[in-house]
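Chemist: My questions all concern the structure below.
The values are calculated or read from the model by the stated rules, or taken from the named source; none is laboratory data. The structure displayed is predicted, hence computed values, not measured ones. So basically every Cβ, Gly included, is an ideal-geometry build from the backbone, and we count neighbours across all protein chains shown.
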Amino acid sequence: MLRAYFDESGHSSDSAIVAIAGFMGRIDEWVTLEERWRDTLAKHGVAEFHAAKVGRPYGIYKGWTADQAARLVEDAITAITAGDLIGISHSVLVQDYDRVIGSHPWFAKKFGSSYRLCYEGTIQAAVNWLRRNPTCAGEQVELVFANNTEYGRSAQIEGDRYSAHPRWAAEIANVSSAAARDVAGLQAADLLAYETFRYTKAHFGSGVDKPRRSYRRFFEEMAMAPPKYWDAEGLAEFCQIVAQEEPELSTEQRVSLIRHLLSMQRRTNAAIDHASRKERS
């Protein structure tokens with residue numbers, strides 16, 4: 001049996017980015033991670049880890065120096081990467097999501113919110129990892145998400161739908177949620193979600209391709225599934241595939257959806273060209 005823990009960073013209601021990320025591993029891996037995690041927190045004199053609060057710092061980290069915060073983050077990453085966990089991450093630009101998906105009723109109904117896109121993406125990534133790895137043949141995974149104030153009960157309904165869906169049910173034992181303050185795995189997931197958020201913001205906001213050292217360590221020191229960073233271009237390409245493969249659509253509906261996506265791509269390319277010309281001038 002495997003277990004995966006996921007947490008979010010950013011809310012579609014008040015943030016430019018939504019990211020969901022976490023780790024998957026066998027139960028015995030999580031037992032040893034919990035031991036390392038407790039030792040790490042005790043070393044730094046705190047009872048729990050919260051990446052956003054460490055990064056500022058505030059709350060239980062109020063008054064900490066930048067060096068203190070950095071040492072805690074470094075030790076937390078060491079505790080995570082010392083084992084044999086798999087990292088999984090998804091993020092989406094909310095404005096691009098609203099423009100490409102939210103602006104069309106069929107896509108809006110199909111995918112719901114930007115949070116749901118990431119939520120479903122992490123579930124599918126966990127299952128696909130099992131399917132691609134022969135050592136996991138016949139295994140199931142328990143999926144645990146941090147309690148979510150924005151998506152709330154809808155997240156559990158969606159999780160239950162996956163647990164019962166014939167395409168995914170064989171590999172999913174169950175989907176549940178828990179409070180991050182009580183679970184080391186969710187606190188670890190919070191760190192990867194925070195770093196994914198920061199990288200997505202830097203990459204799409206200012207074009208910074210070099211990840212922060214803390215984010216880079218995950219990719220250098222442990223197994224990571226290929227991350228998904230959803231911007232307008234990626235969303236349009238993904239939606240084209242969905243529209244072409246959806247069996248219940250009529251030809252007229254399919255053409256309408258493709259035209260919508262092509263229009264979104266043209267607008268995006270025009271905006272990029274305008275920004276480039278403005279920067280050169």
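Here's the yes/no breakdown for (1) in contact with a helix residue (DSSP H, G or I) (Cβ under 7 Å, 6 or more places away or on another chain); (2) at pLDDT below 90:
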position: ALA188; (1), (2): yes, no
position: ARG254; (1), (2): yes, yes
position: ARG266; (1), (2): no, yes
position: ARG277; (1), (2): no, yes
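Chemist: Something else now. Considering each of ARG38, ARG26, ARG3 in turn, give the residue that is in contact (Cβ under 8 Å) with a residue 60 or more places away in the chain and farther than 24 Å from ASN148 by Cβ.
Modeler: ARG38
Chemist: Within region 204-253, how many residues turn out to be polar (S, T, N, Q) and either surrounded by 15 or more Cβ atoms within 10 Å (Cβ to Cβ) or in contact with a strand residue (DSSP E or B) (Cβ under 9 Å, 6 or more places away or on another chain) (or both)?
Modeler: Result for region 204-253: 2.
Chemist: While we're looking at this one, here's another question. Could you list all residues from region 121-142 that are within 15 Å of SER176 (Cα to Cα) and buried (at least 19 other Cβ atoms within 10 Å of the Cβ)?
Modeler: THR122, ILE123, ALA126, VAL141 - these are the residues of region 121-142 that are within 15 Å of SER176 (Cα to Cα) and buried (at least 19 other Cβ atoms within 10 Å of the Cβ).
Chemist: Then there is this: Wholly within region 168-259, which helices (runs of 4 or more DSSP H) include no fewer than the required count, namely at least 1 residues that are within 24 Å of PHE107 (Cβ to Cβ) and in contact (Cβ under 8 Å) with a residue 60 or more places away in the chain?
Modeler: Of the helices (runs of 4 or more DSSP H) lying wholly inside region 168-259, those with at least 1 residues that are within 24 Å of PHE107 (Cβ to Cβ) and in contact (Cβ under 8 Å) with a residue 60 or more places away in the chain span 184-206, 232-245.
Chemist: Hey, another quick one. If I filter region 143-153 down to residues being under 17 Å from the mean Cα position of the chain (by Cα) and closer than 25 Å to LYS109 by Cβ, which single residue comes out as surrounded by the fewest Cβ atoms within 10 Å (Cβ to Cβ)? Break it down into steps so the answer makes sense when it comes.
Modeler: So the first thing to find is which residues in region 143-153 are under 17 Å from the mean Cα position of the chain (by Cα), and the list is 143-152.
Then drop every residue that is not closer than 25 Å to LYS109 by Cβ, which leaves 143, 145, 148-152.
Numbers: LEU143: 25, PHE145: 27, ASN148: 18, THR149: 8, GLU150: 16, TYR151: 22, GLY152: 11.
For region 143-153, the residue satisfying everything is THR149.
Chemist: Something else: Across region 157-179, what is the number of residues that are surrounded by 15 or more Cβ atoms within 10 Å (Cβ to Cβ), more than 15 Å from GLU8 (Cα to Cα) and of a type outside the set (D, E, K, R)?
Modeler: The total comes to 7.
Chemist: Could you tell me which numbered condition ILE172 fails, if it satisfies all but one of (1) over 26 Å from THR40 (Cβ atoms); (2) assigned by TED's automatic domain parsing to the domain that holds GLY112; (3) at pLDDT below 95?
Modeler: So the condition that ILE172 fails would be (3).
Chemist: Would you say ARG36 is modelled with pLDDT of 95 or more and basic (Lys, Arg)?
Modeler: When the stated conditions are applied, ARG36 passes them.
Chemist: Do the conditions hold for LYS110, that is, is it under 30 Å from LEU261 (Cα atoms) and surrounded by fewer than 23 Cβ atoms within 10 Å (Cβ to Cβ)?
Modeler: For LYS110, the condition - under 30 Å from LEU261 (Cα atoms) and surrounded by fewer than 23 Cβ atoms within 10 Å (Cβ to Cβ) - is met.
Chemist: I've got another one for you. Among the candidates LYS53, LYS43, single out the residue that is of a type outside the set (Asp, Glu), assigned to a helix (DSSP H, G or I), surrounded by fewer than 13 Cβ atoms within 10 Å (Cβ to Cβ) and assigned by TED's automatic domain parsing to the domain that holds MET224.
Modeler: Sole residue among the options that is of a type outside the set (Asp, Glu), assigned to a helix (DSSP H, G or I), surrounded by fewer than 13 Cβ atoms within 10 Å (Cβ to Cβ) and assigned by TED's automatic domain parsing to the domain that holds MET224: LYS43.
Chemist: Of the conditions (1) surrounded by fewer than 23 Cβ atoms within 10 Å (Cβ to Cβ); (2) within 28 Å of LEU261 (Cβ to Cβ); (3) among the hydroxyl-bearing types (Ser, Thr, Tyr), TYR97 satisfies every one except a single condition; which number is it?
Modeler: The one condition TYR97 does not meet is (1).
Chemist: Among (1) among the β-branched types (Val, Ile, Thr); (2) assigned to a helix (DSSP H, G or I); (3) surrounded by fewer than 21 Cβ atoms within 10 Å (Cβ to Cβ); (4) out of contact with any Gly (no Cβ under 7 Å at 6 or more places or on another chain), there is one condition THR32 misses while meeting the rest; what is its number?
Modeler: Failed condition: (4).
Chemist: I'd like the full set of residues that are of a type in the set (Phe, Trp, Tyr) and not in a helix (DSSP H, G or I), limited to region 121-163.
Modeler: In the first step, residues of region 121-163 are kept if they are of a type in the set (Phe, Trp, Tyr); the result is 129, 145, 151, 162.
Listed by number, the residues that qualify are PHE145, TYR151.
Chemist: Out of all the residues in region 88-111, which are in contact with a Phe, Trp or Tyr (Cβ under 8 Å, 6 or more places away or on another chain) and part of a strand (DSSP E or B)?
Modeler: ILE88, HIS90, SER91, VAL92, LEU93
Chemist: Does THR65 meet the test of being at pLDDT 95 or above, within 20 Å of ARG212 (Cα to Cα) and of a type in the set (Val, Ile, Thr)?
Modeler: no
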